[in-house]
Amino acid sequence: MSSHTLLEVRNLTILGRDGAPVIDGVCMSVGQGEIVGVLGESGSGKTILARGILGFLPEPERPVGGAVLLDGLP
């Protein structure tokens, strides 16, 4: 059974408060019915990544590159 790609993240880059990349070139795809975990040390950017994917970044963090597609749509 093939999995339909539900979420695709392409080269996502997010700048932090100081203008340096907090997230730099993240790529991933999640198929329908798949479960994905994001692991990392405290302060490694897991929450910023999740907020960037959802479009809920706190100021002044901002995406500067890449794309997030949900069911093929931006």
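Counting only protein heavy atoms and a 1.4 Å probe, the chain has 71 square angstrom of accessible area per residue. Largest accessible area first, the residues Thr13, Thr47 order themselves as Thr47, Thr13 under a 1.4 Å probe with ligands, DNA and RNA left out. As a fraction of the 1.4 Å probe accessible area of region 2-74, surface on carbon and sulfur atoms comes out at 54 percent. The helix-based estimate of mean residue ellipticity at 222 nm for the chain, built from -39,500 (n - 2.57) per DSSP H run of four or more residues and divided by its residue count, is -3500 deg cm²/dmol to the nearest 500. Working note: Cα atoms of the chain, range along each principal axis, descending, whole Å: 45, 26, 18.
The values are calculated or read from the model by the stated rules, or taken from the named source; none is laboratory data. These figures come from a predicted structure and were not determined experimentally. What goes into the accessible areas is simple: the full protein's heavy atoms, side chains included, and nothing from ligands, DNA or RNA. Shrake-Rupley method; radii C 1.70, N 1.55, O 1.52, S 1.80 Å.
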